[in-house]
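Read-outs throughout are calculated quantities, based only on the coordinates presented, and are distinct from any laboratory measurement. Quick caveat: nothing in here was measured; it's all calculated off a predicted structure. Positions of Cβ are backbone-derived with ideal geometry, glycine not excepted, and every protein chain shown enters the neighbour counts.
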Amino acid sequence: MKKYAIIVAGGTGQRMKSAVPKQFLLLQGKPILFHTLLQFKKAFADIELILVLPLNQFPTWNLLCQEHPEILQTCPHQLVEGGATRFHSSQRGIQAIAIEQQALVAIHDGVRPLVSVESIQQAYQHAQEYGNAVLAVSSKDSIRQWDHHKNVYLPLDRTQIKLIQTPQIFEISLLKRAYQQEYQDLFTDDASVVELLGIDIHLVEGNYSNIKITSPEDMLIAEALTQKV
């Protein structure tokens, strides 16, 4: 089955305390986005890659591609203008896929460069069987939730909790139907958009190194993990 991966990146670098958007920061001497794209290309050599960025970040990315020619050599991709929210950016990435026959589409955070090749492959395999697959890991920490009636944080059973990651993979026709819906604030990720159609979401075990780089501390962890590999 044909495979696509939509990589969505729209960060500004504010939480990273950097003038450079986080997706363009260098990890082991290469842009974070390159590492992200490369993981999908390692997983499936014939995968079609779509990169969604804010229009005003196109020049920066094009310059990075010139400075690092291996980006386009190893990870050729279609560049698509993002929208005002994550929902609208995913929507535009999906609209860039003209294919009508069966295909699987992954949507992935651009600043999750350490997702394992094995996790990607397993998720696509699961999605091919069940129609969708979302990476998730168990919580290592104790968790509490605010109770408005008792005005206190109450403990939750962490064995019943899953922390959601990306990629989130769906059959193309399902994804296109889901993104015909109007935007709602309750859409926290792509799975929540699909779920509103009444579709059951299938979770696949992710990996704890698949962190989302949003702060300087995350960057230090990513550097340490890539050196370990």
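At 7 Å along the Cα-to-beta-carbon direction for both I161 and T74, put a label point, then send me their distance in nm to one decimal.
3.7
Relative to the present Cα-Cα distance, how much length would full extension add between F58 and M1 at 0.36 nm per residue of separation?
Extra length available between F58 and M1 comes to 17.5 nm.
State which helices in the chain qualify, where a helix is a whole DSSP H run, it must extend 15 Å or more along its own axis by its Cα atoms, and its mean Kyte-Doolittle hydropathy must be at least -1.0.
What comes out of the filter, once short or polar helices are dropped, is 32-43, 216-228.
Work through the residues other than G10 whose Cβ is under 12 Å from its Cβ and net out their charges, Lys, Arg +1 and Asp, Glu -1.
Surrounding charge for G10 is +1.
Please give the length that would be gained between Q28 and I221 if that part of the chain were fully extended, namely 0.36 nm times their separation in residues minus their C-alpha to C-alpha distance (nm, one decimal).
Gain in length upon complete extension: 68.3 nm.
Where does the charge balance sit around T188 when Lys and Arg score +1, Asp and Glu -1, over other residues with C-beta under 14 Å from its C-beta?
Result for the local shell: -2.
Quick one: what does P(r) look like for segment 104-163 with 5 Å bins over all Cα pairs, in whole %?
Reading the bins upward from 0: 4, 14, 18, 16, 14, 12, 10, 8, 4, 0.
Based on Cβ point charges of +1 for Lys and Arg and -1 for Asp and Glu, what charge dipole magnitude is obtained for segment 76-164 about its Cα centre, in debye rounded to the nearest 20?
Dipole size: approximately 340 debye.
Could you please report the charge total around S138, scoring K, R as +1 and D, E as -1 over all other residues with beta-carbon less than 12 angstrom from its beta-carbon?
0
Can you tell which of L114, L38, L26 shows the greatest fluctuation in a Gaussian network model of the chain with Cα springs below 10 Å?
L26
Mind sorting F170, F58, F187, F44 by how few other Cβ atoms lie within 10 Å of their own Cβ, fewest first?
Arranged by neighbour count, lowest to highest, F170, F58, F187, F44 become F58, F44, F187, F170.
For the chain, what is the number of Lys pairs with C-alpha distance below 24 angstrom, counting only pairs 8 or more positions apart or on separate chains?
Close lysine pairs under the 24 Å cut-off: 28.
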